[in-house]
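Just below is one structure, and these are the notes that go with it.
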Amino acid sequence: QVATDTLPIFSYDEPKEYEIGGITVTGANFSDDNAIIGVSGLKVGDKIRIPGGEIPRAMKSLWKLRLFTDVQILEEKTIGDVIFLELIVQERPRLSRHSYRGIKKSYHEDLNETLEQFLLKGGIVTENVKVNASEAIQDFFIGKGFLDAEVSVSEQVDSSRINSVALVFDVDRGERVKIHDIIFQGNENVKDKKLRKQMDNTKRKRRFLASSKFIEDEYEEDQDAIIQFYNTIGFRDAQIVSDSFWRNEDGRVMLQMNIDEGNQYYFRNITWKGNSIYPTETLESVLGIEKGEIYNQELLETRLRFSQDGRDVSTLYMDNGYLFFQVDPTEVAIVGDSIDLEMRIFEGPQATIDKVVIMGNDRTHEHVIRRELRTRPGDKFSRSDIIRSQREIVNLGYFNPEALDINTPVNPQRGTVDIEYTVEEKPSDQLELSAGWGGNRRVIGTLGVAFNNFSLRNIFNKEAWRPLPQGDGQRVSLRAQTNGDFYQSYNMSFTEPWLGGKKPTSFTLAGFYNRFAFGTRGTSSRQSFNIIQGSVSLGTRLRWPDDNFVYSTAINIQTLSLDNWISGLFRTDDGGVVSEGYYNNFSLSQTIARTTINDPIFPKEGSKFSLSLQATLPYSLLFFQDRDYSELSSAERFRWLEYHKWRFDAEWYTPLVGKLVLKAQSKIGILGTYNKKVGTSPFERFQLGGDGINNQQFGFAGVDIISLRGYDVEDLEANLDPNGGSGNIATPVFSKHTLELRYPLSLNPSSTIFVTAFAQAGNAWRTVRDFNPFDLKRSAGLGLRVFLPMFGTLGFDYGLGFDKEVTADKKRGTFNIVLGFEPE
Amino acid sequence: CKSEFEKIRTSGDPALVLQKANAYYEEEEYQKAQTLYELVIGSYRGKAEAEDIYFKYAYTYYYLRQYVLAAYYFKNFAQTYGGSSKRQDAEFMAAYSNYQMSPTFRLDQTYTLKAIEEFQAFINAYPNNPRVTECNNLIDEMRAKLERKAFEEGVLYFDIRQYQSAMQSFENLLKDFPETDRADEVRYMIIKSSFLMAENSFVDKQEERYRETANLSLEFLGRYGESEHVKEVSSILNNSQKKLKQLDNVGYQEQSAGAGS
């Protein structure tokens, strides 16, 4: 550079302060002088020090523009302590666009991404830029196995803009080069085949579809893998002494590696030093390495620190709060082929939790998360508490389980640890807007919303309506369904999971109104059925037997009124149709449940049990002892419904292989009566069979509808009209058992998708006395489920019923659709 | 048929696009202005207009409430145009954009911390800027928010009867916010937690914990004689001392019983 000679020499011993008297710019033909001065950060009148920080900073700013091939700042002249500066820049043509020749369009996007770091639109084009970009393209193709790829680049003046050029990359990617053979030498103890197997990426071309690219980085990784393999079988000195690479006459790649295996070593004596909390025997058994075993560095590391199943020496200590635990295996003697190890242990103090930090909650209020955590400030650190907290966070259903991140930064000076939970919110509200076929072949329109993370306290806070007040973990659902005059249903419910904020006692207030009506108003053809219900329930987590138990109790006030309602669903024990009357259904429910399921949508493991009893008062025994029930009409007999209804549900999930999960489930329901003279209540019964989807549409129609895949309702004998009529009746007893294999196709929270293969068996009985748990109707089939956060579960099942009569118009297979949520 | 905006957008004439972009900007049509600025930023690199374009471009994000990007572009402006007269404004706006994203104390405070850090850097770099007072006020406001968060954390642990965790949280608050003007209230909460923890402890831990409560109470009364919590603390002190006396008697009886047998 010519300029070097003229560079003034400043002494660093005595930096001097100058005032800038003027700045001139030379060499800027296409850029604006004032803009250049502006970018430099230097201003007339500023005080600067020379030598000092200002000039280099200005140079750096100008370089960063990537518009110049050279930037110099010179002293034009100085008058006293006023300095005049000259900024000399050298401009180059700017890049207007770039294009490719000789390759398919499908590559362009990937290449553009690769070139982003080299080419800047509007930036200058230098030789350096061109060479780097060409090499990047070449590397891109070499990475894809085109070892002979050639790239040349040409500049074209872009006439549409001043001082602009376009770059054209000419690419000849050539043939994809395969590996013909990999040759090993010096491997006396291990076969070639075994060594080739260690090479995950670099393969010989043998089979038609097998990939056989030669990529240098991957080849080096594979060489490391070979050495690692040798290390696991005691050859801890093994190395690849040399390797060579050439092309054979067909142009294919040949690889040769010369290996020096060294000696095979064995473990001899392992001693422990510094352990006071756990006795040596415990540590030995966790380590599980015997004297005389082949020396395996990887195994040693695994058992000391990195075991996948959490059974290693470090975990033993860490789980108990010894976060500062360190173990250092030291070779104290090598005699012949035997190695003596001394495990030097530093146990350190038990760590105490200092702060528990929650981050990433940009919707859910902190206390909603914090109150669920089992790691609290001042507690001793325990890994199992963290795992439990993790489960509780996922159970809230507001966060992406895959993105949950937990950090435990330690402070060794104070012996404390912080626990940082970083969550990622996911949509948890559901909107239901659907039209579908109802039971009587009519279209039913549904509008429903479920807000699972509502904030009641912010309901009058205008700021919080974005779009809804949320974050306090309360659930609100509103739902309206109708198909006009025939059917109308309105539901609402509100749940506060921590009533009063001091204990996890949930409070739910729910109500609904359902109306079914046929025929013309005011005529005898009019039939109607109305139900109104209100309920209040409290649920609380138990401390004993363990805190996975939840106990809940609810008061339900329901009235049912029937007018000329001859659907035939509601029957007395002797088959009499209940079609008229006004019924009071006032009950108290008690439920005890235990759940250890961590992901409500696709559980991988855990179980769920629940036992519930819903009971009314035994009015006939308490108040109406002298009544002769045989004389009364059903409307009078059941005016005050009396029953005790038992439900038992058990679900169990366990991972089998990989992502495959096994689900086992049992359900039993029994509706009992206090007084034989009154008989079993015509309401609150069960109906087993079919898709169970009526549960969604007529869910509060006085029966519990339970699906049975492979069978329609009328396929079960107990559901048929005992008097030979055409309608189906409901039964007081059912049981159902399911085994299901589930495989997830996508666990993305925005669309969870899985397939299932199921085997099911169930039956219904007309009286408790008939109940025979071994007389079951069996079926098997396949299904698909898609969970979309806004719509809930969608899917279908195809089941074959093995224990039903197959006739011309009655096929063995039954197809069921799931809309909204999984049927019972 | 294209709208006027579309015509300008596809005209390919940077001068026209810029002129219209500025017009839209003046009319507070920030979305349109932003789209047009984006088109011409490349063409004006290194020209005199670039600085102004970039500054307004950053502002369009601010006005459209896209504060993450606004903060990014303001910051980028300050770094690119070191000599600009708008540099200090840009740095302030970068911090202020983060301040706009600082949510209620119940949510994640990442942006609050970022805003505080940037306002502090601004104050340090330009102590004479007229906005320094405003920066200080905003910092105080956000510190108060963080303090409230820390306080509510302690209250939550207190409410769910995790008294030890409550004490630890309140103590951390005093460490993290030494300037707090509710120190007496925080210490009162610590004393209350300490007393309740002693109440709910096994007998063999009680003596130590009541003593701790009594010591904390004495310290409180000595230090915050004017506090509105003096009455409650005195009563806790009384109760603790009573309990200590009872424990002492029991201990004495056990001892004498042991000596007698």
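Annotation: peptides A:450-456, A:275-281, ranked by per-residue average of other Cβ atoms within 10 Å with the highest first, follow the order A:450-456, A:275-281.
Shown here for region A:281-342: trypsin sites (Lys or Arg not before Pro) in loop regions (DSSP other than H, G, I, E, B) with at most 15 other Cβ atoms within 10 Å, namely A:Lys291, A:Arg311. Would you mind checking region A:259-290 for residues with the amide N under 17 Å from a putative spin-label position 7 Å along Cα→C-beta of A:Phe346? It comes to A:273-277, nothing else. With a 10 Å cut-off around each Cβ of B:159-167, the average count of Cβ atoms from other chains is 5.
Model label sites at A:Glu805 and A:Trp646, defined 7 Å from Cα along the beta-carbon direction, differ in position by 3.4 nm.
In a shell of Cβ-Cβ distance under 11 Å around B:Arg209, excluding B:Arg209 itself, what net charge do Lys and Arg (+1) and Asp and Glu (-1) give?
The answer is -2.
Put in line by how crowded their Cβ is, counting other Cβ atoms within 10 Å and starting with the fewest, A:Glu76, A:Glu366 read A:Glu76, A:Glu366. As a rough footprinting exposure proxy, the listed residues A:Thr232, A:Thr375 were ranked by other beta carbons within 10 Å of their own, and the order from fewest upward is A:Thr232, A:Thr375.
Evaluated over region A:576-682, the count of Lys pairs having alpha-carbon atoms less than 30 Å apart is 14 (only pairs 8 or more residues apart or interchain). Counting Cβ atoms of other protein chains within 10 Å of each Cβ in A:346-357 and taking the mean gives 2.
Counting other Cβ atoms within 10 Å, which GluC sites (Glu not before Pro) in region A:80-189 have at most 14 and lie in a DSSP loop?
Sites meeting the loop and neighbour criteria: A:Glu116, A:Glu175, A:Glu188.
Within the straight-line cut-off of under 22 Å between alpha carbons, the lysines reachable from A:Lys105 are A:Lys121, A:Lys130, A:Lys144, sequence neighbours fewer than 8 places apart in one chain being disregarded. In chain B, taking the dipole from charged Cβ atoms about the Cα centre, the farthest positive-side position among B:Tyr24, B:Asn98, B:Gly83 is held by B:Tyr24. Bridgeable lysines around A:Lys810 (alpha carbons under 25 Å apart, same-chain partners fewer than 8 residues away excluded): A:Lys736, A:Lys777. Other residues within the sphere of radius under 12 Å centred on the Cβ of A:Glu424, judged by their own Cβ, net out at -3 (K and R +1, D and E -1).
The mean number of partner chain beta-carbon atoms within 10 angstrom of a residue's beta-carbon across peptide A:88-96 is 1. Straightening the chain between A:Glu218 and A:Thr280 buys 18.1 nm, computed as 0.36 nm per residue apart minus the Cα-Cα spacing. Can you tell me the orientation of helix B:183-199 relative to chain B, as the angle in degrees between its alpha-carbon axis and the longest Cα principal axis, to the nearest 10? Approximately 50 degrees, to the nearest ten.
Sequence-ordered 3J(HN,Hα) estimates for region A:474-489 from the Karplus curve with 6.51, -1.76 and 1.60 and θ = phi - 60° stand at 8, 10, 10, 9, 10, 8, 9, 9, 7, 10, x, 6, 5, 9, 9, 8 Hz, glycine and proline given as x.
Pairs from the list A:Lys64/A:Lys104; B:Lys32/B:Lys56; B:Lys149/B:Lys231; A:Lys16/B:Lys75 with a Cα-Cα gap above 23 Å: A:Lys64/A:Lys104; B:Lys149/B:Lys231; A:Lys16/B:Lys75. In this simple spin-label model, placing a label point 7 Å from the Cα along the Cα-to-Cβ direction at both A:Asp200 and A:Val131 gives a separation of 3.6 nm.
Efficiency by 1/(1 + (r/R0)^6): what FRET value for A:Ser751 and A:Lys16, r their Cβ-Cβ distance, R0 = 56 Å, to the nearest 0.05? With a Förster radius of 56 Å, E is 0.25.
Which distance in Å, rounded to a whole number, links the C-alpha centroids of region A:249-317 and region A:438-513? The two parts, judged by their Cα centres, are 57 Å apart.
Here the spin labels are modelled as points 7 Å beyond Cα on the Cα-Cβ line, and at A:Glu420 and A:Glu249 they lie 6.4 nm apart. For A:Gly581, the residues whose amide H sits under 5 Å from its own are A:Leu562, A:Asn564, ignoring neighbours fewer than 5 places away on the same chain, with H placed 1.01 Å from N. When B:Glu152, B:Glu26 are arranged by Cβ crowding within 10 Å, least crowded first, meaning fewest neighbours, the order is B:Glu26, B:Glu152.
Each value in this text was obtained by applying a stated rule to the coordinates, not by laboratory testing. Source: prediction; values computed, not measured. Methodologically, a virtual Cβ is constructed for each residue, glycine included, from the backbone with ideal geometry; neighbour enumeration extends over all protein chains shown.
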